[in-house]
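Asker: Take this structure, written in structure tokens, and hold onto it; I'll ask about it next.
The values are calculated or read from the model by the stated rules, or taken from the named source; none is laboratory data. Everything numeric in this text was worked out from a predicted model, so none of it was measured. Ideal geometry is used to build each Cβ from the backbone, glycine not excepted, and the neighbour counts take in all protein chains shown. Just so you know, the surface numbers come from the protein's heavy atoms only, side chains and all, with ligands and any DNA or RNA stripped out. Shrake-Rupley method; radii C 1.70, N 1.55, O 1.52, S 1.80 Å.
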Amino acid sequence: QVQLVVPMAVIFGPGSVPGDLPRSLPFRDVQEMEISVNLRTSVTSRYEMRYRSTTGQEEAALAAATAREADAALHPLQDTTLGSLTMYVVPETSSLLPQGINVYVGRHRSALVRAVGSLAALQARLREVTQLMSFTASSIAAALSDRVPDGQLSPDARRYLKSSLGYEITFSLLNPDPKSHTVDWDIEGAVNCYVKPVLDKLSLVANFSVDSQILYYAVLGVTPRYDKESSSFLLSAHSLPHVINPVEARLGSSAASLYPVLNFLLYVPERSHSPLYIQDKDGAPVSTNAFHSPRWGGIMVYNVEAPASPQASLPLHVDVDMARVMEVFLAQLRLLFGLSREEVPPEFLLEGPGNEGLADWELDHLLWAHTVENIATVSTTLTSLAQLLDKIGNIVIKDDVASEVYWAVASVQSAVTKLSLGHLQAAFQASKEAVTSSERAFFDPSLLHLLYFPDDQKFAIYIPLFLPMAVPILLSLARIVRETRLRKKEPTKMD
């Protein structure tokens, strides 16, 4: 049983204190909620809230002109511990929040919440904000997707990447018609400018490696349909799944990889199929001209403008607009990690992540889910290992394997304890160590099932070898026994 504890500070600005507070500020309160995964597994979420009034510095910061300026001024005054949240309650008449907006979520681990009349209504609003910034029932269910009964999991949960110690990201440029197009892309500069800040922030979650390649004469494997009205070629939504396999056969990046590989493909259509557009299920053109595949990556079609004169010399030189391409690929990367911002109430205003591509609370959101998933993975791995050892009675368990198992158990217990104390970073590190140790023990070469044979197989192997030698030995023993019995029956001669 796992308990997730979120430390929260609820800070009331002047004129925002509800009239029905149970006691005077400051005071503490605890709220619990149970997230049921299946009949045997449930996760308890516990919100430990500390209510207090603003300090002089916080009041000065809340007097800023805009919510963004207030959030930037409040950041140095907050608790920046991973997993902790700070809620600033402003009066109902405050002009800090725009008209119709009740909640402003910044880039860090804090939010501005408009006050409501009663404490119960305020707590309901705070609970909604807290779940957005930490974890929801759906995010925990997605982390424990292997244990959720079929039909109870949302389709989006199957899209997210499984927790791993590392990921490999491959950017591929597909040029199926090099005779017509010479394509240049500054992938190294684009990775340093757009991707590196995101991966630097995600380095706490896992290790990342990035590589790129250019593939010539690599086609999609699906023939697009020509549309006379628009004088263009179209790829319908139902044909998109058939694009992945032919392209993946050319990539070759996942064959020797120890970690999951994320593929981001930029496809420049051949001249005979240009321009090429992607349609959604309703037949409308997709604005980004891109699509993504769950737990695999994404593909973007990059159309080349036709030359002004038909007599233009071939091949045409194409410089890829990397800003437009990376905007799409980073959005797909966020989708694959479960960081999409689709289900946000209309009265919520979320600040953009900025150059880092990832807000601090989104990183915490990822850590909560991956910590729970790691604990479940270790539990499954060690259970499978125990069942394997029970089946093979004569298996030899080396000391180093035993120590890995003991360390995995100790680490996962430490992770559960740290979670119950609200120490998210320490819990995540302990869960990573537990996964590493359990995987080492499970995949140790000395525990290979094929090294040990059941008893019936041993008899089947050794009887054909020993039976030819055993027959004369058994016959000789039988003859000796028979002669001994005859000798005993003969009367003894008396002189």
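Asker: Counting DSSP beta bridges with both partners in the chain, what percentage is antiparallel, nearest 5?
Answerer: That works out to approximately 30 percent antiparallel.
Asker: Taking the 0 to 90 degree range and rounding to the nearest ten, how far is the long axis of helix 455-489 tilted relative to the main principal axis of the chain, both from C-alpha atoms?
Answerer: 20
Asker: Another one. Taking only pairs that are 8 or more places apart or on different chains, how many Lys pairs in the chain have Cα atoms under 18 angstrom apart?
Answerer: 4
Asker: Tally up the carbon and sulfur contribution to the accessible surface of the stretch 80-199 as a whole percent, 1.4 Å probe, everything protein left in place.
Answerer: Accessible surface attributable to carbon and sulfur in the stretch 80-199 totals 49 percent.
Asker: I'd like the orientation of helix 322-336 relative to the chain: the angle between its Cα long axis and the longest Cα principal axis, in ° from 0 to 90, rounded to 10.
Answerer: With rounding to tens, the tilt is 50 degrees.
Asker: Taking 0.36 nm per residue of sequence separation and subtracting the Cα-Cα distance, how much length would be gained by fully extending the chain between Gln3 and Ile214, in nm to one decimal?
Answerer: 71.2 nm
Asker: I need the peptides 210-217, 45-52 ranked by packing, meaning the mean over residues of other C-beta atoms within 10 angstrom, with the highest value on top.
Answerer: 45-52, 210-217
Asker: Probe radius 1.4 Å, ligands and nucleic acids ignored: give me the carbon and sulfur share of the accessible area of the stretch 279-393 as a rounded percent.
Answerer: With neighbouring chains kept in place, the figure for the stretch 279-393 is 52 percent.
Asker: Of the heavy-atom accessible surface of the stretch 454-494 (probe 1.4 angstrom), what whole percent is carbon and sulfur?
Answerer: With neighbouring chains kept in place, the figure for the stretch 454-494 is 69 percent.
Asker: How much accessible surface does Ser230 have with a 1.4 Å probe, in Å² rounded to 10?
Answerer: 60
Asker: Near the amide H of Val10, under 5 Å away, which other amide H atoms are found, from residues 5 or more places off or on another chain, if H is placed in the peptide plane?
Answerer: Arg50, Tyr51, Arg52, Met87
Asker: Between His181 and residues 5 or more places away or on another chain, which pairs have amide H atoms under 5 Å apart, with H built 1.01 Å from N, and which residues are they?
Answerer: For His181, whose amide H was placed from the backbone, the distant partners under 5 Å are Leu316.
Asker: Next up: Could you state the angle between the C-alpha long axis of helix 399-421 and the longest principal axis of the C-alpha atoms of the chain, as a value from 0 to 90 degrees rounded to the nearest 10?
Answerer: 30
Asker: Also: Under the 0.36 nm per residue contour assumption, what length would be gained going from the current alpha-carbon distance of Glu69 and Asn207 to full extension?
Answerer: 46.3 nm
Asker: Let me ask something else. If you stretched the chain out fully between Tyr226 and Arg147, how much longer would it get, using 0.36 nm times the residue separation minus the C-alpha to C-alpha distance?
Answerer: Extending this stretch completely gives an extra 23.9 nm.
Asker: Using DSSP to call loops (not H, G, I, E or B), can you name the GluC sites (Glu not before Pro) in the stretch 311-403 whose Cβ has at most 16 other Cβ atoms within 10 angstrom?
Answerer: Here the sparse-neighbourhood loop sites are Glu342, Glu343, Glu347, Glu351.
Asker: Probe 1.4 Å, all protein chains in place: accessible area of His365 in Å², nearest 10?
Answerer: So the heavy atoms of His365 present about 30 Å² to solvent.
Asker: Find the accessible area per residue for the stretch 454-494; the probe is 1.4 Å, ligands and nucleic acids are left out, and the unit is Å².
Answerer: Per residue, the stretch 454-494 has an accessible area of 104 Å².
Asker: Follow-up question, since we're still on this one. For the stretch 1-106, what is the percent of antiparallel DSSP beta bridges, rounded to the nearest 5?
Answerer: 40
Asker: Further, regarding this structure: How much accessible area per residue does the stretch 166-337 have, in Å², with a 1.4 Å probe?
Answerer: Dividing the accessible area of the stretch 166-337 by its residue count gives 49 Å².
Asker: Determine the order of Trp407, Trp361, Trp185 by accessible area, beginning with the largest, at a probe radius of 1.4 Å. Could you put the intermediate results ahead of the total?
Answerer: Values: Trp407 130, Trp361 10, Trp185 35 Å².
Listed by decreasing accessible area, they come as Trp407, Trp185, Trp361.
Asker: Then there is this: If you consider only alpha-carbon coordinates, what radius of gyration and Dmax does the stretch 63-196 have, in Å?
Answerer: Just the Cα atoms of the stretch 63-196 yield Rg and Dmax of 21.9, 70 Å.
Asker: Sticking with this one: Pairs of alpha-carbon atoms within less than 8 angstrom and 6+ residues apart define the contacts here; what relative contact order does the chain have, in percent?
Answerer: That works out to 16 percent.
Asker: In square angstrom, rounded to the nearest 10, how much accessible surface does Leu119 have for a 1.4 Å probe?
Answerer: Roll a 1.4 Å probe over it and Leu119 shows about 20 Å².
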